[in-house]
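J.: Below are the structure tokens for one structure; questions will follow.
The values are calculated or read from the model by the stated rules, or taken from the named source; none is laboratory data. Just so it is clear, the structure is predicted and the values come from calculations on it, not from any experiment. Backbone-built Cβ (ideal geometry, glycine too); neighbour counts: all protein chains shown. Please note that ligands, DNA and RNA were not included when accessible areas were found on the heavy atoms of the full protein model with its side chains. Shrake-Rupley method; radii C 1.70, N 1.55, O 1.52, S 1.80 Å.
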Amino acid sequence: MTRTLVLGGTTEASRLAKALAEAGEDAVFSYAGRTASPVEQPLPTRVGGFGGVEGLHAYLRDEAISHVVDATHPFAAQMSLNVVQACAEAGLPLCAFERPAWQAGKGDDWSHVADIDAAVQALPEAPARVFLAIGKQNLAGFAAKPQHHYLLRLVDAPAADLPLPNCSVEIARGPFDEAGDLALLQRHGITHLVSKNAGGRGASAKLAAARALNLPIVMIDRPQVPPRMTYGDLAEVMAWLFHTPG
Ligand code: 3Y8
Ligand code: NAP
């Protein structure tokens, strides 16, 4: 009898939750609690951190979890690190459900950088109009280049003052579409984009819109996560769940 913990917060996690609910499987969905009202899931859902590796290990034991699927975003590196450690300690099977990274195609003008600080350095000195499509957790670094006008896209209206003097805010929860992102870039006269290499379809519209307008993209590579069994396909995750003794 399996009892699965799904670490969520992505399109893939929502698809897995739907498949598990439709199969009548015993599973729990987990959000970090980053947004005010996350999308409802068809599984019992918990919200908030576990309290580090120790808290997660205790949760796995107390909730009699038999399998864990890490379907968090590729940039949720701390969660992915913690769950590798907690499952090793608890002796539980773990797999990741993760979409492949985006690859630059014909007509793309991408410069790859390793992290947020390198993305700031990659922006020009001359004032530009920059679409920061990276959410709200990593904005402070861009205050080092206040000469630019920044367009921010956030899931929730900012509670506190933003760390950037010259910015406009778009409140929107993806997934996004190309027509909408094209209109957004044109409306704001955007000259540069900064994006995380999230992969998947939920955030790729801006890449196509940038290509259509011949705009350069500063593309932030994914952080390192520890090795673990990883699938990019829902059917493979479901097969793993039902063929891996828990
Ligand atoms: C809380 C759950 C689903 C999941 C949808 C995907 C698609 C839309 C695109 C842009 C890029 C960004 C951001 C983004 C996308 C999906 C997916 C994805 C990027 C929600 C969600 C939670 C979060 C957290 C949020 C972060 C932020 C990142 C915005 C729900 C909507 C920029 C990542 O305000 C904040 O503090 C936001 C924080 C982490 C990155 C950051 O560092 O700020 N996601 N996003 C999850 C939790 O609490 O556990 O509210 O419903 C989920 C989704 N966001 O079910 O279909 O799968 O990628 N999310 C990035 O990719 O760069 C937007 O604007 O173009
Ligand atoms: P992170 O930096 O990797 O994790 C920081 C801490 O947040 C973790 O140690 C854990 O707290 C808690 N946490 C993260 N994901 C969780 C989950 N699904 N359930 C319960 N606790 C969780 O995470 P993040 O980058 O802030 O991402 C947070 C959430 O947003 C994740 O669900 C992720 O899938 C989603 N998301 C993130 C991005 C992004 O760009 N980072 C993009 C889209 C969606 P404890 O140590 O206390 O357990």
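J.: Name the most mobile residue of L213, L151, L16, meaning the one with the largest mean-square fluctuation, in a Gaussian network model of the chain with Cα contacts below 10 Å.
T.: Largest GNM mean-square fluctuation: L213.
J.: A further question follows. What does the charge count near W102 come to, summing +1 for each Lys or Arg and -1 for each Asp or Glu among other residues with Cβ under 11 Å from its Cβ?
T.: Details: positive: R99, K196, R201, K206, R222; negative: D108, D221.
Result for the local shell: +3.
J.: Quick check: convex hull of the Cα atoms in segment 112-198, volume per residue, rounded to a whole Å³? Mind showing how you got there, number by number?
T.: Numbers: hull volume 8.3 nm³, N = 87.
Per-residue hull volume (Cα only) is 96 Å³.
J.: While we're here: For the chain, how many pairs of lysine residues have a Cα-Cα distance under 29 Å, where the two are 8 or more positions apart or belong to different chains?
T.: 11
J.: Quick check: from the Cα gyration tensor, does segment 94-147 come out rounded (a/c under 1.5), prolate or oblate? Spell out each step's value before the answer.
T.: Values: a/c = 2.64, a/b = 1.47, b/c = 1.79.
Oblate, since a/c reaches 1.5 and b/c is not below a/b.
J.: HN-Hα J couplings of segment 95-110 from phi, Karplus 6.51/-1.76/1.60, θ = phi - 60°, integer Hz, Gly and Pro as x?
T.: 3J(HN,Hα) across segment 95-110, in whole Hz: 9, 9, 10, 9, 7, x, 5, 5, 10, 5, x, 4, x, 8, 10, 9.
J.: Please find, in a Gaussian network model of the chain (springs between Cα atoms separated by less than 10 Å), the residue of V68, V120, V218 whose mean-square fluctuation is greatest.
T.: So, out of V68, V120, V218, the one fluctuating most is V120.
J.: Treat each spin label as a single point 7 Å out from the Cα along the C-beta direction, and report the D117 to R15 distance in nm.
T.: 3.6 nm
J.: OK, next. Regarding the chain, what whole-number volume in Å³ per residue does the convex hull of its Cα atoms give? Display every interim value, and only then the final one.
T.: Working: hull volume 31.7 nm³, N = 246.
Measuring per residue, one finds 129 Å³ for the Cα hull of the chain.
J.: Another one. Just the number, please: carbon plus sulfur as a percent of the accessible area of segment 117-246, 1.4 Å probe, no ligands or DNA/RNA counted. Don't skip to the answer; put the middle values down first.
T.: Numbers: 3420 of 6220 Å².
Its accessible area is 55 percent carbon and sulfur atoms.
J.: Between A90, I134, A23, whose Cα lies farthest towards the positive end of the dipole of segment 17-146 when Lys and Arg beta carbons carry +1 and Asp and Glu beta carbons carry -1, centred on the Cα centre?
T.: Sorting the options by dipole projection puts first I134.
J.: Which three extents, in whole angstrom, do the alpha-carbon atoms of segment 45-136 cover along their principal axes, largest first?
T.: Between the extreme Cα coordinates on each principal axis of segment 45-136 lie 56, 28, 23 Å.
J.: Another question, then. Per residue, what accessible area does the chain have, given a 1.4 Å probe and all protein chains present, in Å²? Numbers along the way, then the final one.
T.: Details: 11660 Å² over 246 residues.
Per residue, the chain has 47 Å² of solvent-accessible surface.
J.: Roughly how many percent of the accessible protein surface of segment 1-79 is carbon and sulfur, given a 1.4 Å probe and a whole-percent answer?
T.: Numbers: 1880 of 3610 Å².
The computed percentage sits at 52.
J.: Can I ask one more? Suppose every Lys and Arg Cβ carries +1 and every Asp and Glu Cβ carries -1, with no other charges. What dipole size does the chain come out with about its Cα centre, to the nearest 20 debye?
T.: Working: 20 positive and 25 negative charges, 96 e Å.
Dipole about the Cα centre, nearest 20: 460 debye.
J.: Long-range amide H contacts for V28: which residues qualify at under 5 Å (H placed 1.01 Å from N, peptide plane, sequence gap of 5 or more or a different chain)?
T.: Those lying under 5 Å, H to H, from V28 are T4, L5, V6.
J.: I'd like the Karplus ³J(HN,Hα) series for segment 56-72: coefficients 6.51, -1.76, 1.60, θ = phi - 60°, whole numbers in Hz, and an x wherever there's a Gly or Pro.
T.: 5, 4, 5, 4, 4, 6, 5, 9, 6, 6, 9, 9, 10, 10, 8, 10, 6
J.: Give the shape of segment 195-246 as rounded, prolate or oblate, defined through the alpha-carbon gyration tensor: a ≥ b ≥ c are the square roots of its eigenvalues, a/c under 1.5 means rounded, and otherwise the shape is prolate if a/b is larger than b/c and oblate if not.
T.: Working: a/c = 6.29, a/b = 2.28, b/c = 2.76.
Note, shape of segment 195-246 comes out oblate.
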